[in-house]
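The values are calculated or read from the model by the stated rules, or taken from the named source; none is laboratory data. Because the structure is predicted, anything quoted here is derived from the model rather than measured. Reconstructed Cβ throughout: ideal geometry from the backbone, glycine too, with neighbour counts over all protein chains shown.
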Amino acid sequence: MVATVQSIDRAFGLLEELARQPAGISDLARKVGLPTSTVARLLATLEGCHAVERNPDGTGYRIGPSIVTMATSVDPTQSLLAVAKPYMLDVLDVVAEAVGLAVPAGYDVHYIGQVDCANPVQVRDWTGTSLPMHVVPSGLVVLAHWPEAAVDRFLDRPLDRYAPSSIVDPDQIRERLEEIRSDGFVWVLGEFSEGINSVAAPLFNGTGAVVGALHSHGPSYRFPQEAMGDIIASRVSAAALAVSEALGYLA
């Protein structure tokens, strides 16, 4: 077992508490279970490197500019992908088709990562592509959890038809969004591109906001196999929930 450096471990504990809420030395000492003298020394060191700073009113400490700068330099999509990757691989083992991750980007969803199946015949990797929300399951599950006014604005625009089976009627889409909120997932069968079927479930963060979607897609002649649709949807939904919980979501 690798030994931890006690001072770093303690300093990180203080930063975690201050990330939740600014606090004074006594409050922090109580929360982390350390003597006030130890907390004061650690805060002085952290303040020296701008990891914490004093509140303007002098009542305590808060997260400092160096931590904020480091946090904003991290690509949030890559952080989400890192959290989701193990669960995506689990789904891949079960469904044996490509599994991907998408995040909202305006009125589109942007595909940020994919793990591929071993089958030599498979759907292309959509990573780096943005597609309209109404024709792909990742977009529909995100749209289903938007405020009603935002959904209205989306549906008030002309909606492009990408395939003969694309659903572009606003009333039909609203009915579908209701079903998604009830079921927790949605299948899209050849609606973006003929010959491609896909299923997706939403991802939520610690505040309960929808931040993306987990999906699986494959050629329609084999995906989903007969009687496997509900099983696949259940597995994708379970993985999406596990990712959401890893992000701090409480179901």
Next on the checklist: When the residues of the range 28-54 are narrowed to those that are assigned to a loop (DSSP other than H, G, I, E, B) and surrounded by fewer than 13 Cβ atoms within 10 Å (Cβ to Cβ), which ends up modelled with the lowest pLDDT?
Outcome noted: C49
Checklist entry - Restricting the search to the range 64-93, which residues are crowded, with 18+ Cβ neighbours inside 10 Å and modelled with pLDDT of 80 or more? => result G64, L80, L81, A84, Y87, M88, V91, L92
Item to check | Residues of the range 15-27 satisfying the condition of being surrounded by 18 or more Cβ atoms within 10 Å (Cβ to Cβ) and not in a helix (DSSP H, G or I) | outcome: P22, A23
Checklist entry - Out of the range 199-246, which residues are in a loop (DSSP other than H, G, I, E, B) and more than 19 Å from G139 (Cα to Cα)? => result G206, T207, S220, Y221, R222, F223, P224, Q225, E226, A227, M228
Next on the checklist: Taking the criterion of being within 23 Å of A238 (Cβ to Cβ) and at pLDDT 95 or above, would at least one residue in the range 157-176 satisfy it?
Outcome noted: yes
Item to check | Subset of the range 1-49 (residues that are in contact with a helix residue (DSSP H, G or I) (Cβ under 7 Å, 6 or more places away or on another chain) and among the acidic types (D, E)) | outcome: E17
Checklist entry - Being aliphatic (A, V, I, L, M), closer than 25 Å to K85 by Cα and crowded, with 19+ Cβ neighbours inside 10 Å, is that true of even one residue in the range 152-163? => result no
Next on the checklist: Among the residues in the range 201-216, are any over 18 Å from the mean Cα position of the chain (by Cα) and either within 16 Å of P147 (Cα to Cα) or not aliphatic (A, V, I, L, M) (or both)?
Outcome noted: no
Next on the checklist: Can you confirm whether F192 is closer than 21 Å to A84 by Cβ, in the same structural domain as Y107 (by TED's automatic domain parsing), in contact with a helix residue (DSSP H, G or I) (Cβ under 9 Å, 6 or more places away or on another chain) and in a loop (DSSP other than H, G, I, E, B)?
Outcome noted: no
Item to check | the range 124-140 residues that are without any contact (Cβ under 8 Å) to a residue 40 or more places away in the chain, paired with ones that are in a loop (DSSP other than H, G, I, E, B) and loosely packed, with under 14 Cβ neighbours inside 10 Å (beta carbon under 7 Å, 6 or more apart) | outcome: P132/D160
Checklist entry - Filter the range 220-251 for residues that are of a type in the set (D, E, K, R) and under 16 Å from V186 (Cβ atoms); which is surrounded by the fewest Cβ atoms within 10 Å (Cβ to Cβ)? => result D230
